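Written out below as structure tokens is the structure these notes cover.
The values are calculated or read from the model by the stated rules, or taken from the named source; none is laboratory data. None of these values were measured; they are calculated from a predicted model. Methodologically, a virtual Cβ is constructed for each residue, glycine included, from the backbone with ideal geometry; neighbour enumeration extends over all protein chains shown. Ligands, DNA and RNA are excluded from the accessible area calculation, which covers all protein heavy atoms including side chains. Shrake-Rupley method; radii C 1.70, N 1.55, O 1.52, S 1.80 Å.
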Amino acid sequence: MMTCDEDSRMPRERRRHGGSEPRPPPPSSRKAPPPESGRSRVVLIAILSFLIGFGAFAYSGYSRWSQAVKVVTLHPSPHIIPPNSTSPDSSPDLFWGSYRPQVYFGMKTRSPRSVVTGLMWLSQSGSSSLRHTCEQGDGLARYGWRMHDGVNFGVQEIKEKGFSLSTEFVKRPGGSHGGDWSWRITGSTEGPPGQVLSLFFYVATDGQGTLTPHMDGRHLSHVTGMSEELGGFAIRFPRPDAGGGAISYNHLVTTCPGLHHITDVVRGSLRDRFSHPSSGSGNNKRRYFGVDVYNPPPQPGSDHSQVIVHQITLALPFQAEILFESDSFLERSEHLSGQTLTAELERHKKDMAERFRQVFRLEGKGFIPEQVAFAQAALSNMVGGMGYFYGSSLVQSQYNPEPVAYPLAPLFTAVPSRSFFPRGFLWDEGFHLLLIARWNPTLAWQSLGHWLDLINADGWIPREQILGPEARSKVPSEFVVQRDENANPPTLFLALRQLLAGGNVPPEGHQILRRAFPRLQTWYGWFNETQNGPLPYTYRWRGRDRDTLQFLNPKTLTSGLDDYPRASHPSDDERHVDLRCWMALASEVMAGICDLLGEDGGRYKESHSALTDNSLLDKLHWFERLGAYADYGNHTQNTVLEWERPRPFPGQDPRSVPPPRLIRVVRKAPKLQYVGALGYVSLFPFLLQLLSPDSPKLGRVLDQLRDPDKLWTPYGIRSLSKSSPMYMQRNTEHDPPYWRGPIWINMNYLAVRALHHYSQLEGPHREKATSVYRELRINLIANLYRQYIDTGFLWEQYNDQTGRGQGCHPFTGWSSLIVLIMAEEY
């Protein structure tokens, strides 16, 4: 039966579909509804529409808000490194350390608001330049750790203009707050006698704790202090040994708005109104700069740091000591000073030399003592360059109109360069841990845990860690904000594979691995969800520069290979061979972790099988015309940089015309094709050992590798073939080639490791791999050692024409992998 209301709708439906004229409605005994009833229905419909619209708007706003919040929401699983695990109770041997790699010499604790100590110096003879933070512009002939075991002691050499400083420290366990430590600074002259130098020893709070100076007449004798992590303590300043020469004393007690202002505070307090007795007979005196008075700006707040500076001014040569003593160390038989300090230093030096010999066995491989010392220094600078940072990154997602603060967090990590990159970089750390894990697995596990604790709820890790004002003060503003769609090569899986090698994972590592597993799953999933490519089992780096006018070839900073040539016109159609290979490695390691932990690793094994399928790899990435593996995308090689020189319009003031600029000119339209760039990216299936030992492609890769007209040099494998149109080409007027020819040691380490791998496997290319392995290993060792002897440093990269070190220095991050190459530890 049809109701009256249903019948009344029928004519309207027919009209909508173009039917005949409607019939008049049948007579009805019902009265027409009153006007008020119609209005009520209209009002009700309007209210419902409003509520539905408001609900949709509210849900949309909530969804956007939740996405905006998610970028700064840490992963929900328990911390891998619990907050108290770096306390003096949990790890007293690692509580104090040289965890301030950005300064020439300084120490702090592994705690968020640590009391910090440091050294500055100033030559009072000739040009007066205050040294404190490591700066390439200082022009030092050499500086760096000669010996540092990462835990107990360190010995550093600093070569200045006309003199040298040796900085040494040693720790002594005891008590409940991390024990004691002592410093020794020795100055020796390499020029005329009578050079006068000032040393500035400082101690500062980081907004937490108190310091009290104690005077012996006009001389600051010691400082006592109290902080939450250290309890009570004293820092003592014994009288230096100045060879009988005069010593002048100054001191400063003040506050500053943060640790990154300490250099400015000391520099701003210097006055040249002080006199120091000159050497020789008579009462001649010379004026010198000394800390005097500093009036901090009126910026009240709890974050102000209390600073006490002890200055001694004396002639070279000299020896000075500083002692830190914990009040809780009640069984101290004697001060860690003088002969006692000497004996402790010698004991630790001997222990490290013996352990280094046992771990790396370089003497047995024919290396002379000078080369062993070079390798020992490289390792020492790696572990001596580990820092402990605390702070908050600035991050941004597509749902955040402005950058927001990531949660406050600690990070224990090595750094690439004390002078230029004194902070944590995600893809660098995976390479760093290869060496650190070989020397001290505990340090490696702890760094790994700290990094994985930075994963957010989506599975993203900010690739560059700029934690705290002191770290941020060294970073250009344009690089501070991290975007959550941007990845970095997951090289932590390289470190994990090494730590898991042989299956002998220590209990500490097993516990960390168990806690890390949920985070690793999320991280792996994030890569597959956010960096996936247009086809199954393809991947694409997000975050490429899309300014096709400014760059000769838009950079891909997220890949770690910055300006390495990719598709000329970034698009969603790209597929990147290096990222595909990184995911093959990640799949392999995740499957191994599942086996170790008794988890189901089926999906990781399935992915690994597909990503190592050489037939599929060839189909997606082999470029026959190039004879190598390649990226794919919207590309043309016919691009050049040309000067654009604007001319004034009629009547325009010529001074208002924009200056000339280099812009990209595209001479042939791009199309979807392989990118014809032979270099490190082309080598990735080989570098990460995905090629089967009998693959014909492996033979062709080895031929390309060994060709001097392409990748081979007497100093290592260059990053881009000499035959590439982009070889050594600038990317902009102010952007010189970076990964377009120079030699990088991390990639060369992977090449040496892969050659060694294939030299051990039966196959048609075994003999070739063995030959190239031996040559490349010798070339790398010889050049890095020669450059270290000539310049005093390991370098960021090496010139492919001369072998000379270039880029920033010292670069004792992944360039220190030369130790593993020397030791043949892969």
**Study point:** Selection count where residues are open to solvent by 10 Å² or more (accessible area, probe 1.4 Å) and at pLDDT 95 or above, scope segment 103-119
**Key:** 1
Review point. If you take the residues in segment 796-824 that are within 14 Å of Asn783 (Cβ to Cβ) and among the polar types (S, T, N, Q), which one is most open to solvent (accessible area, probe 1.4 Å)?
Key: Gln801
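Restricting to segment 647-690, what's the tally of residues that are of a type outside the set (Gly, Ala, Ser), touching a residue at least 60 places away in the same chain (Cβ under 8 Å) and part of a strand (DSSP E or B)?
Result for segment 647-690: 6.
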Practice item. Would you check if there is a residue in segment 519-534 being part of a helix (DSSP H, G or I), in contact with a His (Cβ under 9 Å, 6 or more places away or on another chain) and open to solvent by 20 Å² or more (accessible area, probe 1.4 Å)? Key: yes
Exercise for review: Determine if segment 741-752 includes at least one residue that is of a type outside the set (Asp, Glu), open to solvent by 20 Å² or more (accessible area, probe 1.4 Å) and part of a loop (DSSP other than H, G, I, E, B).
Suggested key: no
Exercise for review: Evaluate the following for Arg100: is it within 24 Å of the chain's Cα centre (by Cα), surrounded by 13 or more Cβ atoms within 10 Å (Cβ to Cβ), in a loop (DSSP other than H, G, I, E, B) and modelled with pLDDT of 95 or more?
Suggested key: yes
Check your understanding: Looking at segment 553-602, which of its residues are farther than 25 Å from Arg519 by Cα, part of a loop (DSSP other than H, G, I, E, B) and either open to solvent by 10 Å² or more (accessible area, probe 1.4 Å) or modelled with pLDDT under 95 (or both)?
Key -> Lys555, Asp562, His569, Pro570, Ser571, Asp572, Asp573
Point to revise | In segment 244-299, the residues that are modelled with pLDDT of 85 or more and part of a loop (DSSP other than H, G, I, E, B) | key: Gly245, Ala246, Pro257, Gly258, Asp292, Val293
Exercise for review: Consider Pro737 carefully, then state whether it is touching a residue at least 40 places away in the same chain (Cβ under 8 Å), under 19 Å from Leu552 (Cβ atoms), under 26 Å from the mean Cα position of the chain (by Cα) and open to solvent by 20 Å² or more (accessible area, probe 1.4 Å).
Suggested key: yes
Study note, to complete from the structure: Taking segment 450-498 and the residues there that are of a type in the set (Ser, Thr, Tyr) and part of a loop (DSSP other than H, G, I, E, B), the one that is surrounded by the fewest Cβ atoms within 10 Å (Cβ to Cβ) would be Ser473
Check your understanding: Mind checking which residues of segment 337-396 are among the β-branched types (Val, Ile, Thr) and open to solvent by less than 10 Å² (accessible area, probe 1.4 Å)?
Key -> Val383, Val395
Review point. What are the pairs, 6+ residues apart or on separate chains, where a residue within segment 227-243 that is closer than 17 Å to Arg332 by Cα and open to solvent by 10 Å² or more (accessible area, probe 1.4 Å) has its Cβ under 8 Å from a residue that is charged (D, E, K, R) and outside any loop (DSSP other than H, G, I, E, B)?
Key: Arg236/Glu325
